[in-house]
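Notes for the one structure printed next.
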There are 2 protein chains.
Amino acid sequence: MSLSMHAMTVEQFVPMLKNLNRILEKAEAFVAAKKIEAGVLEGLRLAPDMLSFTRQVQLASDFAKNSAARLAGVEPPKFEDNEKTLEDLKARVSKTIDWLDTLTPAQFAGAETRHIVLPLRTRTIEMDGLPFLQKWVLPNFFFHVTTVYALLRHVGVEVGKQDFLGGV
Amino acid sequence: MSLSMHAMTVEQFVPMLKNLNRILEKAEAFVAAKKIEAGVLEGLRLAPDMLSFTRQVQLASDFAKNSAARLAGVEPPKFEDNEKTLEDLKARVSKTIDWLDTLTPAQFAGAETRHIVLPLRTRTIEMDGLPFLQKWVLPNFFFHVTTVYALLRHVGVEVGKQDFLGGV
């Protein structure tokens with residue numbers, strides 16, 4: 001394996017999303033053990049004006065699939081953001097992994113200089129593939145995975161850094 | 001600029017550390033406005049068995065400088081971890097940036113296949129440069145920067161995603 005835009009996206013996202021799913025499994029075990037009401041953990045926020053736990057997981061999925069798609073020049077699958085339970089969220093992450101696994105290194109040839117146009121709600125970001133990866137993709141992806149972990153740690157779920165790193 | 005181990009380390013860390021310092025400035029303004037006792041914010045933890053705010057900042061610095069050093073085959077500066085105040089922490093981050101800026105892309109030639117030996121407290125990690133970057137360096141670096149942000153958001157400091165991303 002050598003350094004490539006595929007290595008920095010698909011090969012980076014897939015293991016982290018697998019780690020995320022193992023963290024979600026620990027969250028499920030916590031909810032079962034503590035008999036926590038359905039929807040409570042899914043609705044947690046670190047601050048009232050931050051996004052909920054569910055949205056953080058959905059965004060980790062979105063940044064992974066949408067970023068890889070843009071860099072590979074293909075259409076990502078669209079998910080409906082209708083997940084209600086931890087089980088649903090794990091399935092969302094698994095679907096994301098399965099789709100990322102269909103992408104090949106060859107599809108990322110030239111991705112570092114591909115012109116990326118990213119329409120946001122209030123503006124459009126335009127930059128080449130490499131700065132897009134550095135300034136947008138990796139910071140956002142890791143932000144949401146870490147925030148999921150932080151929320152669970154904050155409420156006492158027994159997850160540790162090794163779960164986040166996947167047992168390196 | 002092209003994709004390289006320098007691009008994925010130095011060029012990734014320096015802007016994020018600059019964002020971190022702007023976030024620390026906002027924390028200072030919050031502490032001043034709310035007349036928060038010295039050391040309180042620096043000692044915050046998201047969970048009692050997580051590391052403190054101060055350690056999270058120090059570790060963001062450590063993962064940046066130590067990882068870049070290992071991949072470039074040079075010795076990183078050693079910092080004493082004696083920071084007490086937000087001002088100290090900002091200086092620590094600035095020193096880290098200044099040192100990272102001395103590294104050149106040429107020093108990272110062949111870094112993706114460089115054999116990395118990383119002694120930890122209880123074991124030693126050994127892997128080539130690219131998997132080291134993917135499995136250890138980037139997840140750990142972003143973990144600590146995001147956790148600093150999460151801690152500040154959690155206690156009400158007015159930082160937003162744009163501060164984390166550096167106004168992309």
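Data for the structure
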read-out: Which listed residue, of A:ASP128, A:ASP98, A:ASP163, is more than 8 Å from chain B (Cβ to nearest Cβ), in contact with a His (Cβ under 7 Å, 6 or more places away or on another chain) and not hydrophobic (A, V, I, L, M, F, W, C); value: A:ASP128
read-out: Set A:GLU42, A:GLU28, A:GLU37: member being acidic (Asp, Glu), outside any helix (DSSP H, G or I) and farther than 26 Å from B:PHE141 by Cβ; value: A:GLU37
read-out: Filter result (touching a Leu at 6+ places or on another chain (Cβ under 7 Å) and either at positive phi or acidic (Asp, Glu) (or both)) within the stretch B:55-110; value: B:GLU83
read-out: Some residue of the stretch B:103-117 being within 19 Å of the chain's Cα centre (by Cα) and in a helix (DSSP H, G or I); value: no
read-out: Breaking point among (1) within 7 Å of chain B (Cβ to nearest Cβ); (2) open to solvent by 10 Å² or more (accessible area, probe 1.4 Å); (3) not small (Gly, Ala, Ser), for A:GLU158; value: (1)
read-out: Among (1) part of a helix (DSSP H, G or I); (2) of a type in the set (A, V, I, L, M); (3) loosely packed, with under 14 Cβ neighbours inside 10 Å, the one test that B:VAL93 misses; value: (3)
read-out: Residues of the stretch B:11-39 satisfying the condition of being away from chain A (no Cβ under 11 Å), open to solvent by 10 Å² or more (accessible area, probe 1.4 Å) and in contact with a helix residue (DSSP H, G or I) (Cβ under 8 Å, 6 or more places away or on another chain); value: B:LYS18, B:ASN21, B:ARG22, B:GLU25, B:LYS26, B:GLU28, B:PHE30, B:VAL31, B:ILE36
read-out: Residue satisfying all of: in the stretch B:40-51; under 21 Å from the mean Cα position of the chain (by Cα) and within 11 Å of chain A (Cβ to nearest Cβ); surrounded by the fewest Cβ atoms within 10 Å (Cβ to Cβ) among these; value: B:ASP49
read-out: Any chance A:LEU3 is closer than 17 Å to A:PHE132 by Cα, part of a loop (DSSP other than H, G, I, E, B) and open to solvent by 10 Å² or more (accessible area, probe 1.4 Å); value: yes
read-out: Members of the stretch B:59-87 that are crowded, with 19+ Cβ neighbours inside 10 Å and hydrophobic (A, V, I, L, M, F, W, C); value: B:LEU59, B:ALA60, B:PHE63, B:ALA64, B:ALA68, B:LEU71, B:ALA72, B:LEU86
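The values are calculated or read from the model by the stated rules, or taken from the named source; none is laboratory data. For clarity, every value in this text was computed on a predicted model and none was experimentally measured. Heads up, the Cβs are rebuilt from the backbone with ideal geometry, glycines too, and the neighbour counts pull from every protein chain shown. Protein only, heavy atoms only, side chains kept; ligands, DNA and RNA dropped before computing areas. Shrake-Rupley method; radii C 1.70, N 1.55, O 1.52, S 1.80 Å.
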